[in-house]
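Input: a single structure, listed below in structure tokens.
The values are calculated or read from the model by the stated rules, or taken from the named source; none is laboratory data. Fair warning: this is a prediction, and the values are worked out from it, not measured in the lab. Positions of Cβ are backbone-derived with ideal geometry, glycine not excepted, and every protein chain shown enters the neighbour counts.
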Amino acid sequence: MAPVEWNVLHLIAYAAAIAYAAEKVYALSGSLIPRLLGRSILRRLFPFKATKVIKIEHKANFETSRDALVSLFPMVPGDKADVNHWFLPVILSSLAVLDLFAHKDFPFSLLGALHVSSQITLGLSLDLREPLDRGSEFNRANSMWRPELLLDSSRGTVVRVSVTFKSAICVNEYLFPGVHIPGIGKWLRLPPSNLEPWAGQLSLNNEIAGKWSRISQDYNPIHLSPLLARLFGFKGQVAHGMSVAMIALRRVDAFREMSSGTLSVNFYRPIILPSDCALHTSPEASTASIVCNGVVCTKLSWSRTELRPDAQK
């Protein structure tokens with residue numbers, strides 16, 4: 001009898017935790033989360049084919065996002081490069097992607113989606129301390145998704161979404177596990193190869209997930225608490241990959257001179273918080289790796305490739 005009572009109490013505790021988290025998410029995110037959840041439930045019940053191109057124009061609040069990024073993630077001792085101007089477009093593009101995923105014509109359920117890669121091409125050096133008129137470069141964004149931008153992986157379908165600013169392009173890939181569509185191309189990604197020399201240690205605490213959620217509005221349950229993350233099959237609270245990438249690149253001296261160009265970030269394994277990770281970098285190869293428990297979780301590479309004028313159209 002005792003085990004039965006324990007199981008019932010356990011389920012009640014889980015239900016209470018989910019209800020509490022849902023209430024917090026709703027309070028923090030306004031109407032977006034209910035809209036996403038509603039769309040997700042409908043698409044689980046009534047799946048349909050992806051046939052429409054989706055284009056959305058967004059008005060981004062550059063000043064609010066900039067101030068939040070600077071205040072919640074200040075530079076700390078040991079940081080060598082201020083990379084905030086690279087990750088401000090990332091944050092603004094994340095807000096645009098959430099809006100696109102909530103669109104009535106987007107054919108997938110957001111529940112369970114995983115961010116697997118990002119490529120940021122920055123065409124100018126942005127000083128976040130400058131007045132808002134310079135920020136007008138990022139006050140308007142256009143997100144686009146086309147049905148042909150679907151790729152099949154062993155775990156599901158990868159969706160590629162591009163978000164274009166006047167002077168930057170962010171291309172993000174998301175994996176929708178368990179969804180397989182016949183006749184689409186294969187998503188090929190080589191596993192991490194040679195490991196760069198050790199460059200330092202990254203101590204990551206649970207607070208960074210809450211801070212990044214506040215900035216990016218990404219309130220995926222796996223980032224909210226260890227309990228909710230375990231319900232989705234993870235071993236604990238999962239860090240936002242881009243927040244860890246930003247913290248790591250601040251420690252890369254070679255990235256200090258990268259005022260514009262292209263940054264690629266690939267996620268191979270989730271990083272469970274709290275965690276102590278090793279940073280490996282190679283200035284000559286312009287690459288870096290984030291290693292946790294002996295496994296490469298994130299791979300970064302960069303170049304000085306300029307933003308093509310035709311890519312901004």
Hey, among SER94, SER203, SER117, which residue is modelled with pLDDT of 80 or more, in contact with a Ser or Thr (Cβ under 7 Å, 6 or more places away or on another chain) and within 19 Å of VAL238 (Cβ to Cβ)?
SER94
State whether the residues of the stretch 297-308 include one that is basic (Lys, Arg) and crowded, with 18+ Cβ neighbours inside 10 Å.
yes
Report whether or not SER162 is in a strand (DSSP E or B), closer than 23 Å to LYS59 by Cβ, under 18 Å from the mean Cα position of the chain (by Cα) and without any contact (Cβ under 8 Å) to a residue 24 or more places away in the chain.
yes
Give the residue that is nearest to VAL238 (Cα to Cα), with candidates limited to residues of the stretch 282-300 that are of a type in the set (Gly, Ala, Ser) and either in contact (Cβ under 8 Å) with a residue 60 or more places away in the chain or assigned to a strand (DSSP E or B) (or both).
SER289
Could you list all residues from the stretch 224-241 that are surrounded by 22 or more Cβ atoms within 10 Å (Cβ to Cβ) and modelled with pLDDT of 90 or more?
GLN237, VAL238, ALA239, HIS240, GLY241
Somewhere in the stretch 252-263, is a residue under 18 Å from the mean Cα position of the chain (by Cα), over 20 Å from ASN194 (Cα atoms) and not in a strand (DSSP E or B)?
no
